[in-house]
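Step one of this worksheet: look at the structure below.
The values are calculated or read from the model by the stated rules, or taken from the named source; none is laboratory data. Bear in mind the structure is a predicted one, so any value in this text is a computation, not a measurement. Please note: Cβ atoms are built from the backbone with ideal geometry, for glycine as well, and neighbour counts cover all protein chains shown. Accessible surface is based on the protein model in full, side chains and every heavy atom, while ligands, DNA and RNA are left aside. Shrake-Rupley method; radii C 1.70, N 1.55, O 1.52, S 1.80 Å.
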Amino acid sequence: MYPSWMSEASCYAFLERIDAELAETARATGCGCGGVLHRATYPRKPRGGPRELGPGYDRRLSFCCARRACRQRRTPPSVRFLGRRVYLGAVVVLVSAMLNGPTPRRVATLGTLLGASRRTLERWRRWWRTTFAETAFWTAAAGRFARPAARGHLPWSLLTRFRGDERTRLVATLRFLAPITTASPRSAMVS
Ligand SMILES: [Zn+2]
């Protein structure tokens, strides 16, 4: 019921390469003040992935302006980390989609699989339908799809707007969501 490719290291290595590209684009752009960006990563201990996640998953890529008078933080978008959530973005999207699709999976089964509490899964479900659905990002982006993605079935309805096999659609969804992942990773982590 939980796709086997979700436990393959290659899947996570692929997402890591995309993050590296997104970070390089941000770094090359530089700071708004004209300053150079220096690497200043955030330590992370992501949950929900396979045991053999690469060491790159121990940190969220981020930069800091080198100019002493500025020191502005710039955290590039990510396909691995969904904002401040401790669970990997891929897991949050896929599991939430399983909960919200037309044939919902049982919360208890998914929770046991991930070591996530029922409360955490319920929080994800609520987050997609309320917080996420009401963001300016989604309000603007939702109109880009030829067939609208039903709010009550997010993120399943979003995932199924993309073409390809399950894994391709998940990566496309994570890329699509990347702009919302840059919000303040400094504040307390949420599951
Ligand atoms: Zn600056």
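None of Glu21, Glu16 is at pLDDT 95 or above, in contact with a helix residue (DSSP H, G or I) (Cβ under 6 Å, 6 or more places away or on another chain) and not in a loop (DSSP other than H, G, I, E, B) except Glu16. Taking every residue in the stretch 108-127 that is in a helix (DSSP H, G or I) and pairing it with any residue that is surrounded by fewer than 11 Cβ atoms within 10 Å (Cβ to Cβ), at least 6 positions away or on another chain, the pairs with Cβ-Cβ distances below 9 Å are Thr109/Met1; Leu110/Met1; Leu113/Met1; Arg118/Ala108. The residue that is most open to solvent (accessible area, probe 1.4 Å), among those in the stretch 66-95 that are within 16 Å of the ligand (Cβ to nearest atom) and charged (D, E, K, R), is Arg68. Would you confirm, using the coordinates I've provided, whether Thr103 is farther than 24 Å from Thr182 by Cβ, among the β-branched types (Val, Ile, Thr) and not in a helix (DSSP H, G or I)? For Thr103, the condition - farther than 24 Å from Thr182 by Cβ, among the β-branched types (Val, Ile, Thr) and not in a helix (DSSP H, G or I) - is met.
In the stretch 9-36, of all residues being open to solvent by 80 Å² or more (accessible area, probe 1.4 Å) and of a type outside the set (S, T, N, Q), the one that is nearest to the ligand (Cβ to nearest atom) corresponds to Gly32. The numbered conditions (1) under 13 Å from Arg27 (Cβ atoms); (2) not in a loop (DSSP other than H, G, I, E, B) are all true for Tyr57 except (1). Of everything in the stretch 42-55 that is within 17 Å of the chain's Cα centre (by Cα) and open to solvent by 50 Å² or more (accessible area, probe 1.4 Å), the residue that is farthest from the ligand (Cβ to nearest atom) is Arg47.
Taking each residue of the stretch 163-181 that is under 14 Å from Trp138 (Cβ atoms) and looking for partners that are open to solvent by 40 Å² or more (accessible area, probe 1.4 Å) and assigned to a helix (DSSP H, G or I) with beta-carbon atoms closer than 6 Å, six or more apart or interchain, yields Ile180/Phe137. Among the criteria (1) in contact with a strand residue (DSSP E or B) (Cβ under 6 Å, 6 or more places away or on another chain); (2) closer than 17 Å to Thr181 by Cβ; (3) not charged (D, E, K, R), the one Gln72 does not fulfil is (2).
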